Amino acid sequence: MSESLNKLRGTSAYLAGPVDHAENPNGWRSVITKDLLDPLGIKAYNPLVKPSWLSKRAKLDPKIYMDDMKALVTEGYLSHDVWNGMREIRDFCKRQVNAADFVIVHHPKKFTTGTFEEIKIAVDALKPILFHLPDGLASTWLPVQYTIDPADFAKNAFQTWEELYAYLARVDSGDEKVNNFRWIFANYHSDPDVKEQHEATINEQVRA
């Protein structure tokens with residue numbers, strides 16, 4: 001084991017996963033923030049933790065939106081306020097994914113379309129995506145759906161939180177070989193060539 005490098009300190013992770021189809025959608029998010037992210041110095045982007053500047057309509061319980069959607073099906077009507085609240089939540093979640101350095105996805109059998117959209121954003125941005133698949137690794141269609149390299153997917157898919165925790169700890173310490181394109185935020189500034197060129201640029205500016 002090499003000396004810990006704390007390569008992930010100061011980075012951020014978005015916590016993706018079902019909300020309206022989950023009994024306790026904030027449960028695993030709270031636990032992983034306390035037990036994994038905080039000790040490593042990683043900031044959490046939690047879609048259920050709403051900032052003060054979000055509107056009141058964007059802070060409603062997700063079940064309220066579900067009830068209104070049912071009313072849309074039966075009555076053909078959705079209030080303007082509810083519609084705008086749903087749109088604001090969607091934009092808020094999308095922006096969190098974009099802002100995060102990497103994404104942790106809790107992906108049980110029951111999921112929501114919002115999770116798929118967030119995964120697609122992360123894939124397109126070449127962000128590292130760690131999958132927690134508690135119902136097994138049988139969801140092998142995921143890499144095909146999102147054009148994720150199968151080998152990369154297999155390396156970043158875990159059936160237990162313990163396995164995911166251990167993997168992220170190895171990335172943080174530098175003991176895990178990772179895809180440098182996806183983990184660029186963790187290895188770019190510590191790269192010897194980058195450091196050498198940076199120092200050369202600084203020295204050149206000083207001489208000028």
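The values are calculated or read from the model by the stated rules, or taken from the named source; none is laboratory data. What you see is a predicted model, and the numbers here were worked out from it, not measured in a lab. Ligands, DNA and RNA are excluded from the accessible area calculation, which covers all protein heavy atoms including side chains. Shrake-Rupley method; radii C 1.70, N 1.55, O 1.52, S 1.80 Å.
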Can you sort LYS50, LYS34, LYS195, LYS56 by solvent-accessible area, 1.4 Å probe, largest first? LYS56, LYS34, LYS195, LYS50
By accessible area (1.4 Å), largest first, HIS198, HIS107, HIS189 order as HIS189, HIS198, HIS107
Protein accessible area in the stretch 84-125, 1.4 Å probe - carbon and sulfur %: 52
The extension gain from ASP124 to ASN187, computed as 0.36 nm times the residue separation minus the Cα-Cα distance, is 20.7 nm
